Structure formats: structure tokens, C-alpha cells
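Scroll down for the structure; my scribbles are underneath it.
The values are calculated or read from the model by the stated rules, or taken from the named source; none is laboratory data. Just so it is clear, the structure is predicted and the values come from calculations on it, not from any experiment. Here Cβ is always computed from backbone atoms with ideal geometry, including for glycine, and neighbour counts include all displayed protein chains.
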Amino acid sequence: MLLVFLVCLSVACFSGEAEAATKSKKHTKSPKKITKVVTPYNPPYAHIVVDAATGRVLYQSDADRALYPASLTKIMTLLLTFEALDAQKISLGSNVIFSSHAVNMPPSRIGLKAGQSMTVENAIKALVTKSANDVAVALGEKLGGSEGRFAQMMNLKARQIGMTQTHFENASGLHNVRQVSSARDMAKLAMYLMSHYPRYYHYFSLREFTYNGKVNKNHNHLMATYRGMDGLKTGYINPSGFNLVASARRGNTRLIGVVFGGKTANSRNTQMATLLDAGFAGRSLNTLNEQPADRESPAVARETTMTLDAASLPKRPVTSADRNDGNKVGLLYRPAPTSPSDLASSATKQGSWAIQIGAYQDRLSTDQALYRALKALPAPLNKGNAVVMPLRTSEATWVFRARIAGYTRIQAIEACKYLDDCLPVSPNAN
């Protein structure tokens with residue numbers, strides 16, 4: 001009996017140890033928790049502060065770095081709208097009809113359906129406050145005939161202003177890898193708008209805009225907290241970070257600040273306030289990584305005063321050789337291709353008639369002439385495609401012929417009636 005008891009006890013103990021060992025083995029094989037690694041959001045950063053009256057640069061950091069402007073793009077869309085208003089091509093009461101292309105833009109949107117319309121003035125207000133992408137596209141289509149043609153107008157205007165690092169692909173600022181600008185260029189754009197169209201600047205001060213019963217708040221919350229701030233525009237897409245072009249006035253001094261690449265809206269606003277405070281107080285900002293003068297871009301940044309007069313604009317594009325390579329982000333916009341033959345491939349191949357308005361030795365003069373011509377032409381003749389045709393001369397130099405294509409023969413002849421030194425060009429001409 002005792003023997004049976006001992007045998008049972010031995011079996012029970014072995015079973016208990018085996019079960020414990022099994023549980024222990026199962027425990028050691030349990031999967032480990034996987035810790036998700038979150039990459040810090042660190043968009044590329046740049047800033048600049050300028051005196052709005054003189055153009056003097058007070059502070060800058062990577063101001064010529066090519067970055068994504070996001071909805072800062074809409075400042076140019078608004079500038080061309082103001083220009084059309086002053087030229088009486090449109091009025092504040094004109095209707096902006098929304099196409100199917102416009103209404104299909106990603107948010108933010110005002111939310112009209114295809115075929116519906118709003119006035120130009122309401123469109124301006126919707127861009128300033130809600131930053132509505134559908135409205136930006138609808139305005140571009142009204143002014144340019146299509147968003148693509150409007151982007152051409154935007155680029156021609158950017159060249160005229162001297163925005164050497166800027167290239168536009170759309171009217172809204174929705175992400176496109178080829179759509180880039182810089183802090184310095186955005187400061188130039190703001191200065192140009194404020195000096196040439198001061199009677200429209202008040203729109204940028206709108207705190208809110210009510211449309212169809214919905215209140216749309218301005219995204220520039222600094223206007224409610226920063227003394228003297230009265231505009232301009234915010235912008236955000238994930239590749240760019242939080243951007244802001246802002247202007248503030250205290251006493252007789254007005255400053256324009258540009259910040260690209262804020263990690264959050266609040267950090268961007270704090271940085272802008274710090275920059276403007278220092279500018280108004282005349283303080284040094286060495287702690288904010290002010291760019292040394294001897295590392296500035298030879299073509300642009302060495303000028304202590306921005307000059308928007310076309311005659312004094314740089315005669316060549318700024319290339320990557322002008323900058324620290326570490327500053328390159330995305331594609332740097334080169335106004336002239338590396339080879340004039342590259343330009344020929346961009347010319348129209350549709351076999352339509354064109355008009356030639358001149359031949360020039362540099363791209364800047366060519367683009368300025370095209371812009372002036374498009375402004376001078378009435379609708380629908382101003383809906384043509386601006387193209388540049390290079391020509392190698394017998395002296396082995398290049399000239400650039402400025403043409404506007406997309407006409408019938410009769411339209412080309414009619415268009416030349418509005419322009420000096422204009423020549424209709426047949427589809428078979430070189």
C-alpha cells in the first residue's frame with residue numbers, strides 16, 4: 001500500500017513539474033510586442049523678413065532654397081485677379097463658373113457644383129479665408145481659359161517680378177513636385193502685390209467670410225493675436241510643412257515675413273512672431289541661424305535691397321551652383337533649359353497658326369514680352385499658348401523668338417492688329 005502511494009506521488013510530482021515546464025516554455029515563446037518607430041516630422045525650413053517700404057532684408061535663413069509653397073500659391077492667383085480687375089477685363093460682380101475640373105479638387109473647398117457660380121469678389125474672399133482649392137481653379141479657368149494656361153500666366157508674371165526660384169503648375173498650391181518657390185520669392189510677390197494693388201490689400205485682413213450660411217474662418221490666426229498684423233496667407237501640405245507669408249505694421253514701419261516649413265501651425269506662428277518682433281525692435285537674430293552674407297546666392301541674395309523694377313532683374317537664372325548643395329529640396333526651377341534645343345521640344349506641335357511678337361537674346365526679356373502681349377490681347381485672343389522658339393544665328397549665338405500659338409489664320413491676323421511688331425506665323429514656318 002505504501003509502495004502504491006509512493007508511486008502515485010512520484011507520478012503526480014512529475015506531472016506537475018512537466019506542466020510547469022510546459023507553461024514556462026510557452027511563456028518564453030510568446031511573441032514580443034513590436035514598438036512602432038515614429039519618424040519625427042521635420043519639413044525643410046526657411047525664413048526671411050524684409051522692410052516693405054525699402055525691400056531691405058533684415059533676417060534670412062535659406063531664403064533661396066527651393067521649397068513647396070502649398071497654398072501660398074494662391075497669392076499669385078489673387079495678384080492676377082487684381083490685375084484683371086484693374087485692366088477692367090473682369091469686375092468684382094463678374095460670375096466665376098465652376099467646371100467639373102474645379103469642383104473635383106481635393107479639400108478645402110467651397111463646395112459648389114459644376115455649372116454653379118459665385119462672384120469674383122466672393123471668390124477672392126473664399127481664397128483669403130478658407131483657401132478653397134475649387135475656387136482657385138475656377139478663377140484660374142476664368143482668367144486663363146484653362147488651369148494649364150493660367151499656370152503659364154502665373155509663371156510669366158513670376159518672371160516679370162523677378163521670382164527666380166519659382167515655378168507654378170496649378171492655381172491652388174496642391175502638391176506637385178515641379179511647383180516650387182522660395183522665401184525670398186514669396187517676399188517679392190507680397191511686396192509687389194502690396195505696392196501695385198494697395199486698394200485690394202484689405203481683403204487679406206478678413207477674419208471670416210460667410211457664404212451659403214456657412215462661416216469660413218481665416219487660417220491666419222496670428223491676425224487675432226499679433227499686434228499690427230493685417231494679412232496675407234497661410235499654406236500647408238505634408239511635404240512643405242506649415243508656411244506663412246505675413247505683413248504687420250507698427251508706427252511707420254511695415255514688415256513682411258515669410259516662414260516655410262513649420263512643424264505645426266503654432267510653432268510656425270511663434271517663429272513668425274519672434275522674427276517680426278526682432279525686426280520691429282531692431283534686434284540681432286544670430287540665434288535664428290541668420291544666413292551669412294558671404295554664403296548668399298550671387299544672383300539674388302547679395303542685394304541688400306530687393307528691386308522689383310524689371311530693368312534691374314538678374315539676367316541669368318539662379319542654378320544649384322549658386323547655393324550650398326545641402327539646401328536643395330525637390331526640383332530647382334531653371335527659367336532657361338540647359339540647351340536651347342530643349343526649348344524647341346516644348347513648343348506647340350499642333351500645327352496651328354501662331355503670332356511672333358519679337359526675338360530676344362535672353363529668356364527673361366522673352367517671357368516679359370509674352371506676358372505683355374497676353375495682357376494686351378482681348379478675349380478670346382488672349383487664350384493662346386505662350387511658347388519660346390530658339391534660333392541659332394550665323395554667329396553661333398542663340399536668340400529666343402516669342403510666339404503665341406493656338407490660332408486659326410484669321411485669328412492670328414486679328415491678334416496682330418493689337419500688337420506692335422507682330423507677325424502671323426503659319427504652321428509650316430520654322
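General observations
- Leu78 modelled with pLDDT of 95 or more and assigned to a helix (DSSP H, G or I): yes
- Those strands (runs of 3 or more DSSP E) of the range 364-430 in which 3 or more residues are in contact with a Ser or Thr (Cβ under 7 Å, 6 or more places away or on another chain) and not assigned by TED's automatic domain parsing to the domain that holds Leu143 occupy 385-392, 398-407.
- Matching residues in the range 45-73 - criterion: being of a type outside the set (A, V, I, L, M, F, W, C) and farther than 28 Å from Arg109 by Cβ: Tyr45, His47, Asp51, Thr54, Gly55, Arg56, Tyr59, Gln60, Ser61, Asp62, Asp64, Arg65
- Of all residues in the range 81-113, those being part of a loop (DSSP other than H, G, I, E, B), in contact with a strand residue (DSSP E or B) (Cβ under 8 Å, 6 or more places away or on another chain), without any contact (Cβ under 8 Å) to a residue 40 or more places away in the chain and closer than 17 Å to Ala132 by Cβ number 1.
- Any hit, the range 397-404, residues being within 16 Å of Gln152 (Cβ to Cβ) and modelled with pLDDT of 90 or more: yes
- Of all residues in the range 134-170 being free of Cβ contacts under 8 Å to residues at least 60 places away in the same chain and charged (D, E, K, R), the one that is surrounded by the most Cβ atoms within 10 Å (Cβ to Cβ): Asp134
- Filter result for the condition that a residue is assigned by TED's automatic domain parsing to the domain that holds Ala70 and closer than 13 Å to Ala52 by Cβ, over Leu244, Leu206, Leu276, Leu222: Leu276
- Positions within the range 45-74 being among the aliphatic types (A, V, I, L, M), more than 15 Å from Thr274 (Cα to Cα) and not in a loop (DSSP other than H, G, I, E, B), in sequence order: Val57, Leu67, Ala70, Leu72
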